[in-house]
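**Student:** Quick one: the structure is below, questions incoming.
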Amino acid sequence: LEIWTATANGAAFARQLGNLPGNVCTPNYLASKAQHFGEEYGIDVEFLDETNMDELGMHFLLSVGRCSDQPSYL
């Protein structure tokens, strides 16, 4: 029951994020949510900035982010 509850809560949260407008649900907003969850549940959270993503060859994701004034995070 705990697993199904956690899955349902995660799906509901993802749906809420998907319904937010793009000027609210920015990479920085998502990073802050991830950091909050990490602190709340004791999970180590590591962020990749644009430099890290470039080193890893994540050029498709970076090309989308270049159209925005917000820096990309993963």
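**Student:** Top to bottom by accessible area (1.4 Å), largest first, where do LEU62, LEU30, LEU56, LEU17 land?
**Tutor:** LEU56, LEU30, LEU17, LEU62
**Student:** Okay, moving on. Using helices alone, what [θ] at 222 nm do you get for the chain, with -39,500 (n - 2.57) per DSSP H run of 4 or more residues, divided over all residues and rounded to the nearest 500?
**Tutor:** About -19000 deg cm²/dmol.
**Student:** Once the Cα atoms of helix 27-41 and of the chain are each reduced to a long axis, what angle between those two axes, in degrees from 0 to 90 to the nearest 10, is obtained?
**Tutor:** The angle comes out near 40 degrees.
**Student:** Now for a separate question. Ignoring ligands, DNA and RNA, what accessible area per residue does the chain give at 1.4 Å, in Å²?
**Tutor:** Heavy-atom SASA per residue in the chain reads 80 Å².
**Student:** For the chain, what does the convex hull of the Cα positions come to per residue, in cubic angstrom?
**Tutor:** Per-residue hull volume (Cα only) is 110 Å³.
**Student:** Round to the nearest 10 and give me the degree value, 0 to 90, for the angle of helix 2-19's Cα axis relative to the longest principal axis of the chain.
**Tutor:** Orientation of helix 2-19: about 40 degrees from the principal axis.
The values are calculated or read from the model by the stated rules, or taken from the named source; none is laboratory data. Note that the structure is a prediction, hence the values are computed from the model and not measured. The accessibility values were calculated without ligands, DNA or RNA, using every heavy atom of the protein model including side chains. Shrake-Rupley method; radii C 1.70, N 1.55, O 1.52, S 1.80 Å.
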